[in-house]
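Engineer: Shown below is the structure under consideration.
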Amino acid sequence: MPVEIQSLAVLNTVAFLLCVYFCAYVLSILVLHLRTTRSPGGDHTRFDWHVIVPCRNEATVVATTLRRLLHDMPDVTVWCVDDASEDGTGTVLHSFVADPRVRVITRRRPDAVQGKGAALNAAWRAIQDHLPPDADLDRTIVGVLDADSYLDPRCRSALAGPRYFGSDTVAAVQIEVRMIQCARPTPGLGRWGRLLVRLQDMEFRAPIAAMQSLRRHTRSVAMGGNGQFTRLSLLDRLGAEHGTPWHGALLEDFELGLHILLQGGGTEYCSESWVAQEALTRVRPLIRQRARWAQGSMQCGRYLASVLNSRRISNSAIMEISHFLAAPWCQLVGTPVYLGCLGVLGWYVSQTAGGVAGWWTSGGWGLLPLVALFGVGPFAVWGLVYRNRCEPHLSVTAALGLGVGHWLYSYVQSVAVWIALGRMLTARSEWHKTARATDPATATARTTDPATTGVAPARVTATSPAPTGQANTGPAATGQAATRPAVTGSVLPRRAVRPAGPLVIRASVPVTQPPTQNTPMNRPHPTTNSDSDRKRALTCAR
């Protein structure tokens, strides 16, 4: 057999195996997702709720998020981390500290801008100092919320149910993620921008939700960067073992989930509740975001050996985690394979007598049903699933159109993995926040931020050393400079035992909270003006 024929056979075999593997995976998550049932809620007052809101240049969105959160959940303590923002975010956050439920943690360079995980770790330390010594850490729930988010007001009741934190075996829960512009359309957004928003919403509520349904069965549910909730007792155990709960990977949420599983903790996915976030409306920021996710997944590959050797993780969970960690590498392999197949196909078409018409009539037409079945079909089916479970107002034609759009949209990830590989090879691991369309120009923002103007937003005073009889394990005891970020708000009791770390600095800022703006996103919940308004609310609570 000629060498070129052998090479072609190998290429076709590899492409076929990749298609079969992908289709089998899609079928498995699809079946499990469609069989998912609802779980009853529980009494959320049995738990103490804390929500961390990391902020890096979020002045345009964070005030609305805080007002809505404080209105919908009056007994939640909100921890806002100002990570050296340059757009006046610090000023906005400090205008809320008159409310005892809001605590502001201020980070400044060079300690700041070290990634989202570092900001979350700063809030974790502050929560430890805030709690009294007799706090029940198993019933203290810590959530993570993006600064542009709308959290389901019924979230705590859903999470308190017997399937989630009502079960002692569950240490962390991820809730469903939605795109906020689908319920509150953005004025001036073009047709392509609206399509991109809808595709992201479908991605999170259909295929990603289905992947989480599979992980529920394998007991390997992954944490997401927005809408994750964890018992403080588990975060403390991770901190005692590794120094901090969150670590250095760009995919710090998935990394946290891996550490929870390695600790023997259970993770769950809650489809009964949701968090809505701002979707990206342009392709370039979307590729940059997905490249960061892909690189984070590659970085988490260093935990594969620990996962394979762990006796706390089931075999099915090991297989699912291995699949996730291998996914970006499979995409890297698949890209040249499929491009090679296209190149060979083009060569054959050009060599066929009669050109494209001759190739078509001699049997080339049979390629179209294969592409539709193995190429487009596994993506297009999610349009129908999205309509069936989430958006029943969509027509079948629109759902199929979204499904085909999802097939084209998937090529964004193919581009992103190669960018991620380039960053890995050049040892670039810096974390860049994706800019929002509403963000002001950087030059203008720098003139309003206290960090750049030299005007302090509040009078800051340091707390006293460790209580009598307790060793001070922070920098003051080791001769280092106190670099722990400032925490503003009322001074509350400190826990008797806390891990090593710099001192916490607190302050009280008697600034009046800004008035509520008359925007659709901060209307009191659940008041609506009419039945049509209620139908416009975020759907698919199923």
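Engineer: Those residues that are open to solvent by less than 20 Å² (accessible area, probe 1.4 Å) and touching a helix residue (DSSP H, G or I) at 6+ places or on another chain (Cβ under 6 Å), I need them from the stretch 39-48; list them, please. Steps first, please.
Structural biologist: Initial filter on the stretch 39-48 (open to solvent by less than 20 Å² (accessible area, probe 1.4 Å)): 39, 47.
Once the filter is applied, which keeps residues that are open to solvent by less than 20 Å² (accessible area, probe 1.4 Å) and touching a helix residue (DSSP H, G or I) at 6+ places or on another chain (Cβ under 6 Å), the stretch 39-48 yields only PHE47.
Engineer: Taking the stretch 215-242, which residues are farther than 15 Å from ALA171 by Cβ and either more than 20 Å from the chain's Cα centre (by Cα) or at pLDDT 90 or above (or both)?
Structural biologist: Step one: list which residues in the stretch 215-242 are farther than 15 Å from ALA171 by Cβ, which gives 217-218, 224-227, 242.
Of everything in the stretch 215-242, those that are farther than 15 Å from ALA171 by Cβ and either more than 20 Å from the chain's Cα centre (by Cα) or at pLDDT 90 or above (or both) turn out to be HIS217, THR218, ASN226, GLY227, HIS242.
Engineer: Out of the stretch 28-78, which residues are in a helix (DSSP H, G or I), without any contact (Cβ under 8 Å) to a residue 40 or more places away in the chain and polar (S, T, N, Q)?
Structural biologist: So in the stretch 28-78, the residues in a helix (DSSP H, G or I) come out as 28-34, 44-46, 62-72.
Now restrict to residues that are without any contact (Cβ under 8 Å) to a residue 40 or more places away in the chain: 31, 45, 66, 70.
Answer for the stretch 28-78, where residues must be in a helix (DSSP H, G or I), without any contact (Cβ under 8 Å) to a residue 40 or more places away in the chain and polar (S, T, N, Q): just THR45.
Engineer: For the stretch 79-108, how many residues are aliphatic (A, V, I, L, M) and either part of a helix (DSSP H, G or I) or at positive phi (or both)?
Structural biologist: Our first condition is that a residue be aliphatic (A, V, I, L, M); within the stretch 79-108, this holds for 81, 84, 92-93, 97-98, 102, 104-105.
Imposing the further condition that a residue be either part of a helix (DSSP H, G or I) or at positive phi (or both) reduces the set to 84, 92-93.
Counting residues in the stretch 79-108 that are aliphatic (A, V, I, L, M) and either part of a helix (DSSP H, G or I) or at positive phi (or both) gives 3.
Engineer: Just name the residue that is modelled with the lowest pLDDT out of those in the stretch 243-260 that are in contact with a helix residue (DSSP H, G or I) (Cβ under 7 Å, 6 or more places away or on another chain) and among the acidic types (Asp, Glu). Reasoning before the result, please.
Structural biologist: The initial filter retains those residues of the stretch 243-260 that are in contact with a helix residue (DSSP H, G or I) (Cβ under 7 Å, 6 or more places away or on another chain), namely 244-252, 254-255, 258-260.
Next, only the ones that are among the acidic types (Asp, Glu) stay: 252, 255.
On the way: GLU252: 87, GLU255: 92.
Per the stated criteria, the residue is GLU252.
Engineer: Would you say GLY224 is open to solvent by 10 Å² or more (accessible area, probe 1.4 Å), in contact with a strand residue (DSSP E or B) (Cβ under 7 Å, 6 or more places away or on another chain) and assigned to a loop (DSSP other than H, G, I, E, B)?
Structural biologist: yes
Engineer: Oh, and also: Across the stretch 130-142, what is the total count of residues that are open to solvent by 10 Å² or more (accessible area, probe 1.4 Å) and either of a type outside the set (Gly, Ala, Ser) or in a helix (DSSP H, G or I) (or both)?
Structural biologist: Step one: of the stretch 130-142, the residues open to solvent by 10 Å² or more (accessible area, probe 1.4 Å) are 130, 132-139.
Still in the list and also either of a type outside the set (Gly, Ala, Ser) or in a helix (DSSP H, G or I) (or both): 130, 132-134, 136-139.
Residues meeting the conditions: 8.
Engineer: Next question, about the same structure. Given the criterion open to solvent by 20 Å² or more (accessible area, probe 1.4 Å), at pLDDT 80 or above and under 25 Å from the mean Cα position of the chain (by Cα), identify the matching residue among THR36, THR64.
Structural biologist: Working: THR36 fails: at pLDDT 80 or above.
None of the other options fit; the residue is THR64.
Engineer: Looking only at residues that are part of a loop (DSSP other than H, G, I, E, B) and open to solvent by 20 Å² or more (accessible area, probe 1.4 Å) in the stretch 174-207, which one is modelled with the highest pLDDT?
Structural biologist: So in the stretch 174-207, the residues part of a loop (DSSP other than H, G, I, E, B) come out as 183-190, 206.
Filter again for open to solvent by 20 Å² or more (accessible area, probe 1.4 Å), leaving 184-190.
Details: ARG184: 73, PRO185: 69, THR186: 73, PRO187: 75, GLY188: 77, LEU189: 81, GLY190: 84.
Within the stretch 174-207, the match that is modelled with the highest pLDDT is GLY190.
Engineer: Something else about it: Which of the residues belonging to the stretch 341-367 are over 37 Å from the mean Cα position of the chain (by Cα) and in contact (Cβ under 8 Å) with a residue 24 or more places away in the chain?
Structural biologist: VAL344
Engineer: Moving to a separate point now. Please work out if GLY364 is more than 20 Å from SER410 (Cα to Cα), of a type in the set (Gly, Ala, Ser), surrounded by 16 or more Cβ atoms within 10 Å (Cβ to Cβ) and at pLDDT below 80.
Structural biologist: Yes, satisfied.
Engineer: Quick check on my filter: what residues within the stretch 91-114 are open to solvent by less than 10 Å² (accessible area, probe 1.4 Å), under 23 Å from GLU252 (Cβ atoms) and of a type outside the set (Val, Ile, Thr)?
Structural biologist: LEU93, ARG103, ALA112
Engineer: Before we move on, is ALA305 without any contact (Cβ under 8 Å) to a residue 12 or more places away in the chain, under 20 Å from the mean Cα position of the chain (by Cα) and over 30 Å from LEU195 (Cβ atoms)? Please lay out each step first, then the result.
Structural biologist: Details: without any contact (Cβ under 8 Å) to a residue 12 or more places away in the chain: yes; under 20 Å from the mean Cα position of the chain (by Cα): no; over 30 Å from LEU195 (Cβ atoms): yes.
Spelling it out, it is not the case that ALA305 is without any contact (Cβ under 8 Å) to a residue 12 or more places away in the chain, under 20 Å from the mean Cα position of the chain (by Cα) and over 30 Å from LEU195 (Cβ atoms).
Engineer: Right, another one. Identify, from the list TYR386, TYR338, the residue that is more than 25 Å from ALA209 (Cα to Cα), aromatic (Phe, Trp, Tyr), touching a residue at least 40 places away in the same chain (Cβ under 8 Å) and crowded, with 17+ Cβ neighbours inside 10 Å.
Structural biologist: TYR338
Engineer: How many residues, within the stretch 282-314, are closer than 20 Å to CYS182 by Cβ and open to solvent by 40 Å² or more (accessible area, probe 1.4 Å)? Full working, then the answer.
Structural biologist: Let us first name the residues in the stretch 282-314 that are closer than 20 Å to CYS182 by Cβ, namely 282-283, 285-286, 289-290.
With open to solvent by 40 Å² or more (accessible area, probe 1.4 Å) added as a condition, the list becomes 282-283.
Number of matching residues: 2.
Engineer: Still on this structure: Within the stretch 342-354, take every residue that is assigned to a helix (DSSP H, G or I) and polar (S, T, N, Q) and give me the one that is modelled with the lowest pLDDT.
Structural biologist: Out of the qualifying residues, it is GLN351.
Engineer: Shifting gears a bit: Take TRP124 and decide whether it is hydrophobic (A, V, I, L, M, F, W, C), buried (at least 22 other Cβ atoms within 10 Å of the Cβ) and without any contact (Cβ under 8 Å) to a residue 60 or more places away in the chain.
Structural biologist: On the way: hydrophobic (A, V, I, L, M, F, W, C): yes; buried (at least 22 other Cβ atoms within 10 Å of the Cβ): yes; without any contact (Cβ under 8 Å) to a residue 60 or more places away in the chain: no.
Criteria not met by TRP124.
Engineer: Can I ask one more? Could you grab me the full set of residues in the stretch 264-281 that are open to solvent by 10 Å² or more (accessible area, probe 1.4 Å) and among the aliphatic types (A, V, I, L, M)?
Structural biologist: LEU280
Engineer: Would you say ARG215 is open to solvent by 30 Å² or more (accessible area, probe 1.4 Å), in contact (Cβ under 8 Å) with a residue 12 or more places away in the chain and in a helix (DSSP H, G or I)? Steps first, please.
Structural biologist: Numbers: open to solvent by 30 Å² or more (accessible area, probe 1.4 Å): no; in contact (Cβ under 8 Å) with a residue 12 or more places away in the chain: yes; in a helix (DSSP H, G or I): yes.
Judged against the criteria, ARG215 is not a match.
So that you can scan it fast, the table gives a plain yes or no per residue for (1) part of a loop (DSSP other than H, G, I, E, B); (2) of a type in the set (S, T, N, Q); (3) farther than 30 Å from ARG163 by Cα:
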| residue | (1), (2), (3) |
| --- | --- |
| LEU261 | no, no, no |
| LEU286 | no, no, yes |
| GLN289 | no, yes, yes |
| ARG292 | no, no, yes |
| GLN299 | no, yes, yes |
| ARG311 | yes, no, no |
| HIS323 | no, no, no |
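Engineer: Please determine whether any residue of the stretch 117-129 is more than 23 Å from the chain's Cα centre (by Cα) and not in a loop (DSSP other than H, G, I, E, B).
Structural biologist: Keep residues of the stretch 117-129 that are more than 23 Å from the chain's Cα centre (by Cα), which gives 128-129.
Now narrow it down to the ones that are not in a loop (DSSP other than H, G, I, E, B): 128-129.
Yes; the residues of the stretch 117-129 include at least one that is more than 23 Å from the chain's Cα centre (by Cα) and not in a loop (DSSP other than H, G, I, E, B).
Engineer: Next question, about the same structure. Do the conditions hold for VAL197, that is, is it within 20 Å of GLU255 (Cβ to Cβ) and β-branched (Val, Ile, Thr)?
Structural biologist: Values: within 20 Å of GLU255 (Cβ to Cβ): no; β-branched (Val, Ile, Thr): yes.
The answer is no for VAL197.
Engineer: Is there a residue being touching a Cys at 6+ places or on another chain (Cβ under 8 Å), part of a strand (DSSP E or B) and buried (at least 21 other Cβ atoms within 10 Å of the Cβ) anywhere in the stretch 152-173?
Structural biologist: yes
Engineer: Right, another one. For TYR269, which of the numbered conditions (1) under 19 Å from PRO207 (Cβ atoms); (2) assigned to a loop (DSSP other than H, G, I, E, B); (3) not β-branched (Val, Ile, Thr) fails to hold?
Structural biologist: (2)
Engineer: Something else now. Looking at ALA380, ALA372, which one is more than 25 Å from the chain's Cα centre (by Cα) and either open to solvent by 60 Å² or more (accessible area, probe 1.4 Å) or modelled with pLDDT under 90 (or both)?
Structural biologist: Details: ALA380 fails: more than 25 Å from the chain's Cα centre (by Cα).
Result of the check over ALA380, ALA372: ALA372.
The values are calculated or read from the model by the stated rules, or taken from the named source; none is laboratory data. Nothing here was measured: the structure is a model prediction, and the numbers come from that model. As a convention, Cβ positions derive from the backbone with ideal geometry for all residues, glycine included, and neighbour counts pool all protein chains shown. Accessible surface areas use protein heavy atoms only, side chains included; no ligands, DNA or RNA. Shrake-Rupley method; radii C 1.70, N 1.55, O 1.52, S 1.80 Å.
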